[in-house]
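Note sheet for the following structure.
Rule-based calculations on the coordinates, nothing more; no lab input. Values in this document were obtained by computation on a predicted structure and should not be read as measured data. Note: ideal-geometry Cβ built from the backbone for every residue, glycine included; neighbour counts use all protein chains shown.
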Amino acid sequence: MSVDPEDFKPTYRWPVPPEGGWTADDLDRLPNLPPHTELIDGSLVFVSPQTRFHMRAVNFFTWQLQDQQPPGLEVFREFTIDIDRHNRPEPDVIVVDESAIGDLNQTRLPAESVCLAIEVVSPESSGRDRGVKPVKYAGAGITHFWRVENKDGRAVVYVYELDPSTGSYGTAGIFHERLKVAVPFPIDLDLTEITSKRRGAE
């Protein structure tokens, strides 16, 4: 008895990119994309399962920055930003000028409205978070960028600031247990809370 090849066809078909790659507008139109799909250089990037450290860190920075933000700014987690036609990444946390915020149906924000972008590094995203995304964010004029890493069970934050003369990021500090900076607004964080056992399991 022969087997019908149709029986082996997958139930889901991956979207085939058009010539020239996908565009930022396509993210809002393509059906059945996984949550948190990003667009990098015209290619779709799908998120892998996240670690407990990643989720704790994203929650921590979202809540803490919301508590410390001054009027006129708003904090978003996992929300896409428009850099250009072929780049619509989704930083883990962003701080945005509230003048760019529209109605509740808004699906993205302009990169020029972002004053701080944060990426929490995961094993599958390390290349993008350490190399690709900082270049994209600097090119878009995002003044402040933080990269958060898990080093032997402790959070380390690499803080970068845009050098307007070069259009690239320079290191402004590396923080281990406490992060205290004056820009983009006064921020004081106890980084040990991210991995503290007192927080319990998420």
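Amide H to amide H distances under 5 Å link I40 with V45, R88, where only residues 5 or more positions off or on other chains count and H is placed in the peptide plane. In nm, to one decimal, how far is the T195 label point from the N32 one, both placed 7 Å along Cα→Cβ? For the pair T195/N32, the computed spacing is 4.1 nm. Our summary of shape: the Cα atoms of the chain have principal axis extents of 70, 40, 34 Å, ordered from largest down, in whole angstrom. Distance between the modelled labels on L104 and Q50, one decimal in nanometres: 2.3 nm (7 Å Cα→Cβ projection). Using the average count of surrounding beta-carbon atoms within 10 Å as a protection proxy, the listed peptides 71-84, 17-30 rank, highest first, as 71-84, 17-30.
Using the Cβ-Cβ distance between D67 and D152 with R0 set to 25 Å, the FRET efficiency works out to roughly 0.35. Protection proxy ranking of 168-174, 98-104, by the mean of other Cβ atoms within 10 Å over each peptide's residues and highest first, is 168-174, 98-104.
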